[in-house]
Amino acid sequence: MTKLLGISGSLRRESTNTKLVHAAARAFAPDHFEMADLRLPLFDEDLEAKGQPPAVAALCEKILWADAIVISTPEYNGAPPGLLKNALDWVSRPKPMPTAGKPVAVVSAAAGIAGGQRSKSALYLMLLPFGMHRVHAPEVNLGQSGRKFDEAGNLTDEMAVKLLGDLMGALKAAI
């Protein structure tokens, strides 16, 4: 029984990154899929000293539960959004880290032609200390992402569908 955790770097209701995570989940075809909630307090060691916030504990539990993780990041000013960095800061604190040894694939969706490539590259660097098994290929960078989904949220770009299917196959094989 495979369990996939999806993480979207965007909280926007109609986020193409959230839609891309759901498309990845359909391609992965897990027995169970859940989305992470990144509505976390800002990382603060004084807050942490009072105990791990419940939302952070829930995120860590979902990461431990998952067999694999797919993260989709938008590109804000050439970098991943602050909410992804904040989540990583919180998740890095428990020892051992819940991410250790987890297979992860990173995809991106953005309005620009490059589809968030710079953001995705920066996120790979941020993930280095987490001990995750990063599945890199094939790359899925969904440029002009607002045009790539139908009204039901299905990915309509045939090449992107193929690449996403291949990437999710590689992620599943990494478990």
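The values are calculated or read from the model by the stated rules, or taken from the named source; none is laboratory data. What you see is a predicted model, and the numbers here were worked out from it, not measured in a lab. Counting neighbours? That spans all protein chains shown, and the Cβs are built from the backbone with ideal geometry, glycine included.
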**Asked** So T99 clears everything in (1) modelled with pLDDT of 95 or more; (2) of a type outside the set (D, E); (3) more than 21 Å from P53 (Cα to Cα); (4) part of a loop (DSSP other than H, G, I, E, B) except one condition, right? Which one?
**Response** (3)
**Complete:** With criteria (1) buried (at least 19 other Cβ atoms within 10 Å of the Cβ); (2) not in a helix (DSSP H, G or I), G153 comes up short on (1)
**Message:** Condition (residue is free of Cβ contacts under 8 Å to residues at least 60 places away in the same chain, farther than 16 Å from L127 by Cβ and surrounded by fewer than 15 Cβ atoms within 10 Å (Cβ to Cβ)) applied to region 97-110: is it met by at least one residue?
**Reply:** no
**Request:** With the condition kept exactly as written, say whether any residue in region 9-29 is touching a residue at least 12 places away in the same chain (Cβ under 8 Å), farther than 25 Å from R147 by Cα and not hydrophobic (A, V, I, L, M, F, W, C).
**Result:** no
